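J.: Take this structure, written in structure tokens, and hold onto it; I'll ask about it next.
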Amino acid sequence: SFHGSCIEAYVIYLLLPILNIFTIGLLTPYIAMRAKRFVFGNIALGRTKAQCDIRSGPFYRWYFSTLGTLTAISLVSALFVLGYIETMPPEEKQPATEEVTADYYGEDGRELTDEERAKAAVLQGAIIAGTFSVYLLFFFIIFLIQSYLYVRSTNYAMGRTMLGHCQLYCRMRVRTIFWITITNFILTVLTLGLYTPWARVRMARYRVESMSVISTGSLQRFIAERHAEQSALGDAAAEFFDFEFGF
């Protein structure tokens, strides 16, 4: 079952994100930590409530290291592009500025030669290909960052969660989550959304297969005692997974 309150949910998922705007995003790791603690710290089996002992320090370390890496990649990419442009010979730069008109006339009214038109076309193609490559790289980096933060935070939160004498454990891998996420996205786009159910099952299967429980006592006895304490669980487990992955 789940014992989280609506007030706490409003604070974590509504109030804190609003306040995060005024902190220029500095509250983002703290909000992520509170969200994980809210989910894993409020699950229960019978009358036994989970204890989720996590801190915001690791979240800040993951988020700021990711931000620093992304900033470094952006700076290196920008310097590479600027350096490439500066090292280009003047005769290769000129056609790119002269072919601005559709009738292949330069800014001075002079008709461009076939060689200049060819150079301009090649340069235009290179610029378009480079721009597309940058957007594609950015697209992959975003998915990689998302996968990294999700895996690290979830593995950490579950590894610090106790349910009675049972220790929860999660061993998801960043590269596997990244591969499943990117391929699910591509297949969903190519099939115009028809692949969505298979994509969700595929991701849910890996998440569940990566989870385990380490018990210091008899697990069967613990579960039997917890079931005897409660009136009905219903679909509590399914509701929990929908809640966690939905947010």
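J.: Going highest first, how would you order 152-162, 167-177 by mean Cβ packing within 10 Å? Please list the in-between numbers first.
T.: Details: 152-162: 19.4, 167-177: 15.5.
Top to bottom by mean Cβ count within 10 Å: 152-162, 167-177.
J.: Estimate the FRET efficiency between ILE214 and ARG173 by the formula 1/(1 + (r/R0)^6), using the beta-carbon distance for r and 22 Å for R0, to the nearest 0.05.
T.: Details: r = 19 Å, r/R0 = 0.87.
Once rounded, the FRET efficiency stands at 0.70.
Every number here is computed from the coordinates shown, using simple stated rules; none is lab data. Note that this is a predicted model, so its numbers are computed, not measured. Cβ sites come from the backbone with ideal geometry, for glycine too, and all protein chains shown count toward neighbours.
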